[in-house]
Structures are given as C-alpha cells and as structure tokens.
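Only one structure is covered here, and it is reproduced in the block below.
The values are calculated or read from the model by the stated rules, or taken from the named source; none is laboratory data. On a predicted model such as this, the values are computed, not experimentally measured, just so you know. Counting neighbours? That spans all protein chains shown, and the Cβs are built from the backbone with ideal geometry, glycine included. Keep in mind that these areas ignore ligands, DNA and RNA; they rest on the heavy atoms of the full protein, side chains included. Shrake-Rupley method; radii C 1.70, N 1.55, O 1.52, S 1.80 Å.
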Amino acid sequence: METTPEHIKCLIIGSGPAGYTAAIYAARANMQPVMYQGLQPGGQLTITNDVENFPGYPTGVMGPEMMEDLKKQAERFGTDIRYGLATAVDFSGHPHKVIIDERKEITADTVIIATGASAKWLGLESEARLNGSGVSACAVCDGFFYRGQEVAIVGAGDTAAEEATYLANLCEKVYMIVRKGEMRASKIMQKRVVENPKIEVLWNSVTDEILGEHAVEAVRVKNTLTHEAREIPVKGFFVAIGHEPNSTIFQPYLHHDEQGYLKTIPGSAKTNVDGVFACGDVQDYTYRQAVTAAGSGCMAALDAERFLAALGEH
Ligand SMILES: Cc1cc2nc3c(=O)[nH]c(=O)nc-3n(C[C@H](O)[C@H](O)[C@H](O)COP(=O)(O)OP(=O)(O)OC[C@H]3O[C@@H](n4cnc5c(N)ncnc54)[C@H](O)[C@@H]3O)c2cc1C
C-alpha cells in the first residue's frame, strides 16, 4: 500500500453514462472530481454499435463514439480521469476510504458510485462472436433494428417476459426459449406472453448454438426432454437471463436488494451512508438505459454538491 492517502473532494467510481454525467456536473460545480474508469472505460455502450435513443443525436451515434463525447465533455471542465479499479472501500467513518488497484488509498468527502451492471450471458462462443451483430442483451435498446423480422429471446423471468412482449410489438414473430416447462416470471407476465399470438414459447429448450458467420441467421435449439435439435431462422437473438450489479465491494456498507442492486432514497441518489451516492444501472433494476443512467448521474452530483455545502466544505 502506498503510504500517504490522497484526499479527494468528490470521487467518482465508474465511467459509463452515469459516471460521466456526474463528472460533468461535479466539475462545473468546482468539486474537482476524480474518476476511476474501471475495467471497461466508457462502460456498457462501448460494446454496442448504433445508439438511436439517446437524445441529441438525430441520426444516431456509435456507442464508443458517444462515450468518447461524454469523456471529452467531462474533461473540458477539468475532471481528472484515471485508469484504475476500486478494489475495496471503508464507509464506516468520514472521510470515506477507497482502495484503488489494491495499493492506492484515497480518502474522499463524497463518493459517487456509478459501477453499472453486467448482463449475464449464456457463454457460447457464437454468442460472443455475434455480439452486436444480431446478439443483444437489451431488447429496448436493439429491438427496433429487427422490426418486421423474426427474433428469439432466451430467459424465463419477468424481464425476459417483458422484453418478449416488447419485441412482439415490433417484430413479426418472437421465439421465447425457456429451459423448463414453466417460467419464473409472475403469473400476469406469463399470461401476457402465452396469450400473445406473435410469441411462440419453446418450453424445455436450450440454445445449442447461434448460427451465422457475420450476423445472426438462425438459432439451433435443443429440446431437453426429447434431445431433438431444431434450427430456427432468426435475425436477432436476445439474451434476457439477468444482470449482475457491480456492487460487491459496497455491499457490507450499503443497503441493497437480494440481487445486489444498491438502494437509494427515493427521489435522490443518496444511499444509507452520508456522503455516498449511487447512480446508473448499479441502483436501477427497472430502466437500465443510458439516458436514465445519465439523469441519475446528474442527481448524484447535485446531491454530493449539496452535501458538501451543508458541511460548509464547498
Ligand atoms: C449491448 C448493449 C446495448 C445497449 N444499447 C443501449 C442503447 O441503445 N440505448 C440505451 O439507452 N442503453 C443501451 N444499453 C444500456 C446502457 O448501456 C446502460 O443502461 C448504461 O451504460 C448504464 O450506464 P452506467 O453508467 O450505469 O454503467 P455502465 O455503462 O455499465 O458503466 C459502468 C462503469 O463502471 C466501471 N466499474 C465497474 N466496477 C468498477 C470498479 N470496481 N472500480 C472502478 N470502476 C468500475 C466500469 O469499468 C464502467 O466504466 C445497452 C447495453 C448493452 C449491454
């Protein structure tokens, strides 16, 4: 461990839309924010192509380009953007302690957590290869690209059921691949799926392979009872088997739900610890969009600024 801790007024952990928006606001409020980018500088949007629903880009924008724009905007006002991963925290007193890369200790008056949530994937080679070329973990983000076409979605929870219904409003047909003979989704969501004429549920089925060289062309589905395989031509393949919030190191100190999503006080970005704020997907099970992440990043910076002002430190 490096000997003298560095003291920071406002530490931002994570560099997705939430973190960068928090940085823009904190920097413009003269809080001299320092951001650690983590293992995925720019966050989840750096692994997608077209983003068509972020306001301000009338012809759409490539995900990595949009994140570069956000980074430049945060830098323009003086955000100190650094490589590094928060590996441990101590929120038991004030100032808060954060360890970076297991060796550098930081003390911070305010900490803004914007570490996002990672989509869970099936783990197939074809899924990784075709990610962004027909394979997606976000129906609301990418469903529009497949309007009028046939798609498949894998998953059996509420999110999968919701996303299947969302896709059915856009696509010609939706195959829903469900591992068991029943779904985990609530009764009402299941009913909506089963009664939707555009959704065909493939019960007791698993994805064997996603087919296509440069883009998704079909999915090979295996029935777990009969072991029969079937190839279904589809243009889009959606994975909806859940997300994992990147909150493990914070959980000993911060209230969270059973999945690990951090809890914030409704209508704010405040956590249960004074001076620690959370924004973006790490605290949002429901919306998980870039614009909602950005909005909550703004809230976190404003809450942090007001917290410092109340302490007389800003
Ligand atoms: C394939 C795909 C396509 C998508 N398309 C769209 C779209 O078209 N439109 C849309 O609105 N949304 C889209 N989304 C959703 C959108 O990307 C997310 O809602 C948004 O990125 C969430 O922002 P965030 O800032 O909360 O977190 P993220 O973007 O997930 O960023 C998290 C950041 O935290 C960092 N981090 C994590 N742990 C640590 C740590 N311990 N220390 C330091 N840093 C850490 C990571 O490196 C990363 O920089 C898509 C998502 C995916 C996966």
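Quick notes on this structure:
- Flag for residue 36 being of a type outside the set (Val, Ile, Thr), within 9 Å of the ligand (Cβ to nearest atom), at pLDDT 95 or above and over 18 Å from residue 140 (Cβ atoms): yes
- The stretch 9-24 - residue that is touching an Asp or Glu at 6+ places or on another chain (Cβ under 8 Å) and crowded, with 22+ Cβ neighbours inside 10 Å and, of those, farthest from residue 274 (Cα to Cα): 16
- Where residue 152 falls short, out of the listed (1) free of Cβ contacts under 8 Å to residues at least 40 places away in the same chain; (2) open to solvent by less than 20 Å² (accessible area, probe 1.4 Å); (3) of a type outside the set (Asp, Glu): (1)
- Neighbours by Cβ (under 8 Å, 6+ apart or cross-chain): first from the stretch 8-35, in a helix (DSSP H, G or I); second among the acidic types (Asp, Glu): 18/281; 25/305; 26/305
- Filtering the stretch 255-308 to residues that are open to solvent by 20 Å² or more (accessible area, probe 1.4 Å), in a helix (DSSP H, G or I) and either β-branched (Val, Ile, Thr) or at pLDDT below 95 (or both) leaves 291, 292.
- Checked against (1) under 28 Å from residue 280 (Cα atoms); (2) outside any strand (DSSP E or B), residue 183 meets all criteria but (1).
- Those residues of the stretch 244-254 which are within 9 Å of the ligand (Cβ to nearest atom), open to solvent by 20 Å² or more (accessible area, probe 1.4 Å) and in a loop (DSSP other than H, G, I, E, B), in sequence order: 246
- If the condition is being at pLDDT 95 or above and charged (D, E, K, R), then the stretch 143-162 contributes 147, 150.
- Top-ranked residue of the stretch 263-293 - restricted to ones that are out of contact with any Cys (no Cβ under 9 Å at 6 or more places or on another chain) and within 9 Å of the ligand (Cβ to nearest atom), ranked as nearest to residue 66 (Cα to Cα): 291
- Looking across 64, 55, 41, one residue alone is within 13 Å of the ligand (Cβ to nearest atom), more than 22 Å from residue 262 (Cα to Cα) and assigned to a loop (DSSP other than H, G, I, E, B). It is 55.
- Test result for residue 225, within 24 Å of residue 107 (Cα to Cα) and in a loop (DSSP other than H, G, I, E, B): no
- Taken together, 89, 111, 135 contain a single residue that is buried (at least 20 other Cβ atoms within 10 Å of the Cβ), touching a residue at least 40 places away in the same chain (Cβ under 8 Å) and under 18 Å from residue 1 (Cα atoms), which is 89.
- Residues satisfying the stated conditions in the stretch 123-143, i.e. within 19 Å of the chain's Cα centre (by Cα), in a helix (DSSP H, G or I) and more than 9 Å from residue 240 (Cα to Cα): 127, 128, 140, 141, 142, 143
- Output for the stretch 75-122, where each listed residue is within 18 Å of the chain's Cα centre (by Cα) and either within 10 Å of the ligand (Cβ to nearest atom) or in a loop (DSSP other than H, G, I, E, B) (or both): 85, 86, 113, 114, 115, 116, 117, 118, 119, 120, 121, 122
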